[in-house]
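Trainee: Quick one: structure below, then a few questions.
The values are calculated or read from the model by the stated rules, or taken from the named source; none is laboratory data. This structure is a prediction, so every number in the text was calculated from the model and none was measured. Quick reminder, even Gly has a Cβ in these numbers, built from the backbone with ideal geometry, and neighbours come from all protein chains shown. Only protein heavy atoms, including side chains, enter the accessible area calculation; ligands, DNA and RNA are left aside. Shrake-Rupley method; radii C 1.70, N 1.55, O 1.52, S 1.80 Å.
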Amino acid sequence: MAKTNKVTVIEKNAGQKIDFEQSSTRLIFGDDELMLNAAKYQKDWDVEVDVCRDKSGNLTIGTGSGLRYVAQVEIPAATYTETEIEAEEPAEAPAAEGDGMNQKTTVQRDKNPLDMGDVTVVLWSIE
């Protein structure tokens, strides 16, 4: 099993912060109140996910019904590994030299796994 790096934690202000734990690419806030899989949120651009507490005291994702910030998860843009692949195709017209085959190069792009060490969790006071 691959090693999972720990997220970077920034405490934005003074006071008590919400408890959270990390399990692989998952961040679990509160007493199993809300789970966020950072790998599922990762896009080809940087993503920020707001975790708020609503007026009923429930954790929510996004600021729409949120009353207070609890945390912000900053997920970096996806990275890719590119590999050139050469494939032979029959030539339409035989080449002057060679065996009548043309070389065609394509690039295969594979998404790299999210390194949780590049993810930042900004915690806000819950008092």
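Trainee: Kindly write out, for segment 22-33 in residue order, the coupling ³J(HN,Hα) from the Karplus curve 6.51 cos²θ - 1.76 cosθ + 1.60 (θ = phi - 60°), rounded to whole Hz, with x marking Gly and Pro.
Mentor: Those phi angles translate into 10, 10, 6, 9, 9, 10, 10, 9, x, 8, 6, 6 Hz.
Trainee: With all protein chains present and a 1.4 Å probe, how do R53, R109, R26 order by accessible area, largest first?
Mentor: R109, R26, R53
Trainee: Go through F29, F20 and list them by solvent-accessible area, largest first, probe radius 1.4 Å.
Mentor: Result of the area sort, largest leading: F20, F29.
Trainee: Something else about it: Which of the pairs K6/K40; K43/K104; K17/K55 have their Cα atoms more than 23 Å apart in this structure?
Mentor: Cα-Cα > 23 Å for K43/K104; rest within.
Trainee: Counting only protein heavy atoms, what percent of the accessible surface of the chain is carbon or sulfur at a 1.4 Å probe?
Mentor: Of all accessible area on the chain, carbon and sulfur atoms account for 46 percent.
Trainee: Mean residue ellipticity at 222 nm from the helices of the chain, using -39,500 (n - 2.57) per DSSP H segment of n ≥ 4 over the full residue count, to the nearest 500 deg cm²/dmol?
Mentor: One gets -500 deg cm²/dmol as the mean residue ellipticity at 222 nm.
Trainee: Test of understanding: express the Cα radius of gyration of the chain as a ratio to 2.2 N^0.38 Å, with N the residue count.
Mentor: Cα Rg divided by the expected 2.2 N^0.38 Å: 1.67.
Trainee: Label-point separation (nm) for D110 and I10, each offset 7 Å from Cα along Cα-to-Cβ?
Mentor: The two pseudo-label positions are separated by 3.3 nm.
Trainee: Once amide H atoms are built 1.01 Å from N in the peptide plane, which residues 5 or more positions from L67, or in another chain, come under 5 Å H to H?
Mentor: For L67, the qualifying residues are R53, D54, K55.
Trainee: How much area per residue is accessible in the chain when the probe is 1.4 Å and only protein heavy atoms are counted (Å²)?
Mentor: 68
Trainee: Would you work out the charge dipole size for the chain about its Cα centre, treating the Cβ of every Lys and Arg as +1 and the Cβ of every Asp and Glu as -1, and quote it to the nearest 20 debye?
Mentor: Result for the chain is approximately 900 debye, rounded to the nearest 20.
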